[in-house]
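Structure, as structure tokens:
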Amino acid sequence: MAARHARSAEKVTQNSIFLMGTTGLTALLSFAFWALVARLFSASRVGLATSLISAISLISYMSLCGMNSTLIRFAAPPRARNSQITLACVMVGSAAFVIASGYLLGLPLYAEKLMFIRANPWLGGMFVGVCVAAALNVITDTVFISARIPQYNLLADGVIQGVAKLVLPLSLVSLGAVGIVGAMGGGYVVAVVASFVLMWWRLGFRVDLKTRGTGLRKYARFSMASYVSALLNLLPSLLLPLIVLQKLGPADAGYYYIAFQVAGMLTAVCAAVGEAMFSEASHDLSRTGEVLRRSAKIMVITGIPAAAIVAGGSGPLLELFGAQYAANARMLLIVLAVGVIAVVLNTWASNALRVHRKLRAMVMSNVVFLVVTVAMALLLAARGLVWLGWAWDAGNLASGLAAAVCIPWHKHAPAPAPALEAEGEPEWEEPIAGGFLDDTGTIPMVFPWNRPEWSAASMKSRPRTELPDVPKRADDEEALKW
């Protein structure tokens, strides 16, 4: 038991490192992408494009319908796992298509300056297609996190997508703002294709539309609560660029977006640790307290020093995008970097609520985030970009405090419950070569130059793991209420 816990304790750190590596490499290549874009396109065109890209990002997460949390927290048994992933991808892709189409139809109400994308059917179709690809990219990332092999996200998102995005702007420069969006969308498409190939190759994934044993209907309430919470958390990311665009103009929207992207590297690191924290706690509920403590340390150790570096080097960092970005966005970047302290608190506390399945509290804390951030942005936008940064920091701080108050500090782990039996199928099975992973093992990355027999031999040589003492997934009433 002690040995199993020791090995599992290392997983949250190991998976956090892989996820932070993915985040770091993605952020580095995104940094290079936006530096290239800022040199090739005017600030006004960058501002228009970034407003569309913010919308694409939000739509992709709105389309998840809570499937990302469900695939991790209530993963189906191995025999039904392909069906669960297939149906989740179908639902997410369909939702992205519908939401993106609705966004285009409503442009006259909230973003008249983006009407050009709707006026041309080809551009409208490209926008919808990019939204679908972005949503599928997020859900396939979740599959690797759930299988506890996030190193494949490093390959698909960090390397393949990043390199594709760097190449495409050079060939699309004549298209203006549309070229920037097209380059970003091309990166999503390439990453999705790579992810499905890796899922087929390393996880034995095959398309399966059967519904039996997937648990998607059974945990619909959990998915919906997670979905509402995530949507509330993401709305400020879409609304703030639109507020800047409408109140201050396209050029300031471009300055805001670049500063936000640089600061977003810090936020993404915290989010990566949060995902690892949720995944590991879901695999072994008896270790919830230990996982939360370890995750908090990792967030502080990585987030705070990185924020200090970004704040101190804000000028030279923005100079890479152009002198006008350093002149107009430097103070905004410093304010956003200082606010990483609030982001760490908000990210950790929100994921702690998700681990403990305090879904009502999680929704309410994100309501606080939305209301405080957007209200302050609307009131203070006329004073300049820096005040948008203070609005973002204040929203994260208020939401983090609200979430922290609701954490059940007296409980080390959610109350155990009877093991999940997904419509007659066993909840736990011995892993098979080429299939989904067990609780303690991680399949190292295998490239074409490795021997194909390696993975099977590795799985056969691994000793059988004992059954967990505490169920990995709990079908308790608290998880289904909100």
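Using the 10 angstrom Cβ neighbour count as an exposure proxy, how do 243, 298 rank, fewest first?
Details: 243 20, 298 23.
In order of increasing Cβ crowding within 10 Å: 243, 298.
How would you rank 56-64, 121-129, highest first, on the average number of other Cβ atoms within 10 Å across their residues? Write down the numbers at each step before the final one.
On the way: 56-64: 23.2, 121-129: 15.6.
Highest mean packing first, the order is 56-64, 121-129.
Please compute the contact order of the stretch 127-251 in relative form: average sequence separation of alpha-carbon pairs under 8 Å and at least six residues apart, divided by the residue count, as a percent. Walk me through the numbers before you get to the answer.
On the way: 64 pairs, mean separation 32.1, N = 125.
Once normalised by length, the contact order is 26 percent.
When the chain is fully extended, how far beyond the present Cα-Cα distance does residue 120 get from residue 207, taking 0.36 nm per residue of separation? Spell out each step's value before the answer.
Details: separation 87, 0.36 × 87 = 31.32 nm, distance 3.44 nm.
Result for the pair: 27.9 nm of gain on full extension.
How far apart, in nanometres, would the label points at residue 113 and residue 163 be if each is projected 7 angstrom from Cα along the Cα-to-Cβ direction?
3.7 nm
Using 30 Å as the Cα-Cα cut-off, could you pick out the over-long pairs in 218/297; 247/297; 297/358?
Numbers: 218/297 35 Å; 247/297 40 Å; 297/358 22 Å.
As for pairs spanning more than 30 Å Cα to Cα, those are 218/297; 247/297.
State, to one decimal in nm, how far the label point of residue 220 lies from the label point of residue 193, with both points 7 Å from Cα in the Cβ direction.
Distance between label points: 3.6 nm.
Based on the alpha-carbon gyration tensor of the stretch 203-323 and its eigenvalue square roots a ≥ b ≥ c, which shape applies: rounded if a/c is under 1.5, prolate if not and a/b is larger than b/c, or oblate? Walk me through the intermediate numbers first.
Details: a/c = 2.57, a/b = 1.54, b/c = 1.66.
Note, shape of the stretch 203-323 comes out oblate.
If packing is taken as the average count of other Cβ atoms within 10 Å, what order do 305-316, 346-357 fall into, highest mean first? Before the final figure, lay out each step's value.
Numbers: 305-316: 15.4, 346-357: 25.4.
With the highest mean Cβ count within 10 Å placed first, the list reads 346-357, 305-316.
Could you list 319, 280 so that the one with the fewest beta carbons within 10 Å of its beta carbon is first and the one with the most is last? Walk me through the numbers before you get to the answer.
On the way: 319 15, 280 28.
In increasing order of surrounding Cβ atoms, one gets 319, 280.
In nm, what is the difference between 0.36 nm times the number of residues separating residue 32 and residue 327 and their Cα-Cα distance?
Details: separation 295, 0.36 × 295 = 106.20 nm, distance 1.94 nm.
Full extension from residue 32 to residue 327 adds 104.3 nm.
Using the 10 angstrom Cβ neighbour count as an exposure proxy, how do 101, 295 rank, fewest first?
Working: 101 16, 295 27.
In increasing order of surrounding Cβ atoms, one gets 101, 295.
Taking a virtual spin label 7 Å from the Cα of residue 409 along the C-beta vector, which residues in the stretch 352-370 bring their backbone nitrogen under 19 Å of it?
Counting only backbone N, you get 352-358, 361-362, 365.
With a ≥ b ≥ c the root eigenvalues of the C-alpha gyration tensor of the stretch 104-174, is it rounded (a/c under 1.5), prolate (a/b larger than b/c) or oblate?
Numbers: a/c = 3.56, a/b = 1.74, b/c = 2.05.
Oblate, since a/c reaches 1.5 and b/c is not below a/b.
Read-outs throughout are calculated quantities, based only on the coordinates presented, and are distinct from any laboratory measurement. Note that the structure is predicted; figures quoted are calculated from it, not measured. Positions of Cβ are backbone-derived with ideal geometry, glycine not excepted, and every protein chain shown enters the neighbour counts.
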